[in-house]
C-alpha cells in the first residue's frame, strides 16, 4: 500500500530523515517509536505533504502512485489522513461545516455523490459515539478553546468521519490521561480493517497496550535502526532507547 | 496647494475647478435659498479654500493622496433612472423588510417624505424644510460643525451640500422600523459630484437603528463627499451602519461626527467592500459622563482599491467607555490605512478605552499602513491598543488542506471566518445579509 524507499528529507537546510525504508501493507498497523528528535514527526509531516519539508532523495509510492508529487489535499482525497500532534485552532470555522465540506470534496474526487445535510448529520452522530465526543464541541469553532484531550479526540473523530484508508497518528497519545487514551485507542481499533493501514508514531509504549501493532520500528537519527514485532515495544519500555543509540545498526525491515 | 493635474494638455488645479463649480452653484441658488444658508455656505467655502485639498505633506493624508484623484469636469446631476431604467439598476439591491427606506440617486432625494415628516416616533425631513421649522437648531448645528472641523471635506461638504436629511428620533421612542438611507450614484459619460449633508438627532432615551448604504457604478468617476453629524441626547441609543459598495472609479470621502451626551450609547459599523479611493473619518466626542461608544469596521479590498479609516475618540468627561475594533482583508494590489486616535482629556478620569486593528494581506502586492495614536492626559484610566498584520496562517491552511479541502476552499474558509467575526456583530439584519452575500460572492471567486 505504502512503500518508502531511501527517503531523505530536510527542513531549513538541516537533514532530518537520512534514508528511510519502510513498506506497509493493507490491514497492517505499524508503530514508529524513537527518542525525541529522531525524525518521527518529520516522517509524518513529509507523508502528509507539509511544505516546509524538502525531500532531497528517495520516493514514496502510495498504491503505486507517486505520493510526493501530490498536494496535501490530493493525498487526503486519495485516502491519507494525518492526526496532528498539535491540532490547530481555527476560530470562526465550525467543525461541522468544515468536516462536511472536506468530506464532500473527498467524495467528489472519488466520484461519489455529495452527502446531503441529513445523511451527513446521521453519519456525524454515529462517529461521535466512536470517540465519545460531546455534541457541543461540534458547533464550536474548530479546536478553539478545546482542552488538549479534546483536540486529540477531535482528530480521531475527524478520522472516523472521513474514513481514510491510510492513517498516520502523530503522537496522538501525548498529553492524554488514561481514560482519554482508551477512548482514542477504541476509535483507532474500530477503524482497523483488512483494507486500511495505520501508522502510530509515538514516544511511549503506553498506547500500544490498547492498540496491538503488527510491527514496531525504532527511528533514531533519521534512520530505522531496528524493526520487530510488538515485543520490541515492550523491550523498549523496559530498556529505554540507549542500547540502540550505542550501536545504531541500520536494519531494513520486514 | 495641491498638485497640478493635466487632462487634454490643459493644466488645472483641482481647487480652481471647485471654485468655478461653487460660483455656478451660488448663482443657481440665488433668491431660491434662505440667505442664512447661503451665508453658512460662504463661511464653509472660505474655510475650505484656506487649505484646499490635502496633499501628501498633510499629516492626516500621508497615505491617501486625494488631490491627484479628483476627477476633472465634475458635474452635479439630476436624478436619473426613474421608471423602468431605475428598476433595472436597483434590481440587485436587496429588499429591506419592515424598514423605512429613503433613496438618493446621484445625490438627489427620490423618496417622498410626506408620510415621514411628522410621525410620532421619528420625523424625517429635508434639511431645507427643517431649517424653516427650526432655524436655530439646524443652522446652529451646521455652523458648529464647520467650526469644529479639522478635515477640509467637512466645510467643502457644507458649501456644496444638497438634499440632506434631518432625522429626528423622538424622545423616549424606539421606532419599530429600521431606517435605511440608500445612496446610488450612476455616472455614465461624465463625472458626478455628490455632497449630501445629513443630521441625525437621537432624542433623550430614544433607541434606533439607522444605516447608510452607498452604491455606485463603474462607468465614470464619481466624487462623493457625504457628511453626517449625529447628536445624541441623554440616554439615547443608536446603532449606525455604513456600507460602501462603490465603483472602481469612485472617490468617496466620508465624514461622520458624533456628539454624545450623558448615558448615551453609540455603536457603529463601517463596512467597505469596494471603491477606488475611500476615506472614512469617524469622530466621536464623548462630551458628558457615562457614555459608551463602540466602533466596528471591516474593509475587504481587491484590485487597486484604496480605503483609509481615520477615527478619533475624544474622551472629554469621566466614566466613559470606548471600544474600537477594525479588521482589514487586503487582496490584489489594494492598499489600506488605519489610524485610530484616542484622546483622554484631563477631566476624563476612569476612562476605559480599547482599540484593536487586525489585518490580513491575502496577496503579496497588497499593503496596509496602520497607526494607533493615544494621547492620555488623565491618570486614572485604562487604555489598551494593539494591531496585527499578517498573511493567512500557513498552519491553518495546511490543516484544512490535509483534510481534503482545496487550497481555494481553505483560503476562503479562513477569510470568511476572519470577516465573520465582525459581520456577526452587525445589528441590522438587512445590512448584515447584504454584507454576508457580497462577501460570499467575493469568496466564490477564489
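Read-outs: derived from the displayed coordinates by stated rules, not from any lab. Nothing here was measured: the structure is a model prediction, and the numbers come from that model. Ideal geometry is used to build each Cβ from the backbone, glycine not excepted, and the neighbour counts take in all protein chains shown.
Every Cα-Cα pair in chain B was counted, and those over 40 Å apart are 16% of them.
I'd like the FRET efficiency for residue A:231 and residue A:177, computed as 1/(1 + (r/R0)^6) with the beta carbon distance as r and R0 of 35 Å, rounded to 0.05. Plugging the Cβ-Cβ distance into 1/(1 + (r/R0)^6) gives 0.85. For chain A, a Kirkwood hydrodynamic radius built from all Cα pairs, placed in the Stokes-Einstein relation at 25 °C and 0.890 mPa s, yields a translational diffusion coefficient of 131 µm²/s. Taking other C-beta atoms within 10 angstrom as a stand-in for reagent exposure, B:310, A:217, A:123 fall in the order A:123, B:310, A:217, fewest first. Calculate the length of the line joining the C-alpha centroid of the range B:216-261 to that of the range B:319-343, in whole Å. Each part reduced to its Cα centre gives a spacing of 16 Å. Axis of helix A:148-162 versus longest Cα principal axis of chain A: the two differ by about 80°, to the nearest ten degrees.
Can you work out the PRE-style zone for residue B:438? Point 7 Å along Cα to Cβ, and I want the residues of the range B:237-258 with backbone N under 15 Å. Label zone hits: B:241-254. Provide the percentage of antiparallel DSSP beta bridges, counting only those with both residues in the range B:168-312; round to the nearest 5. Around 0 percent of the beta bridges assigned by DSSP in the range B:168-312 are antiparallel ones. When shorter helices are ignored and each DSSP H run of at least 4 residues is given -39500 (n - 2.57), the per-residue value for the protein assembly as shown at 222 nm works out to -9000 deg cm²/dmol. Measuring r between the beta carbons of residue A:115 and residue B:445 and using R0 = 41 Å, the FRET efficiency lands at 0.95. Antiparallel versus total DSSP beta bridges in chain B: what percent is that, nearest 5? That works out to approximately 5 percent antiparallel. Seen against the Cα atoms of chain A and their longest principal axis, helix A:117-131 is set at about 40 degrees. Beta bridges per DSSP, both residues in the protein assembly as shown: antiparallel share near 20 percent. Would you please classify the overall shape of the range B:133-206 from the alpha carbon gyration tensor, given that a ≥ b ≥ c denote the square roots of the eigenvalues, rounded means a/c under 1.5, and beyond that prolate means a/b larger than b/c while oblate covers the rest? The shape class here is oblate.
In chain A, the longest principal axis of the Cα atoms and the axis of helix A:230-239 are about 70 degrees apart.
Between residue A:94 and residue B:114, the C-beta separation translates, for a Förster distance of 56 Å, into a calculated FRET efficiency of about 0.75.
For the protein assembly as shown, the C-alpha radius of gyration divided by 2.2 N^0.38 Å, with N the number of residues, is 1.20.
Taking the centroid of alpha carbons for each part, the range B:397-446 and the range B:142-186 are 33 Å apart.
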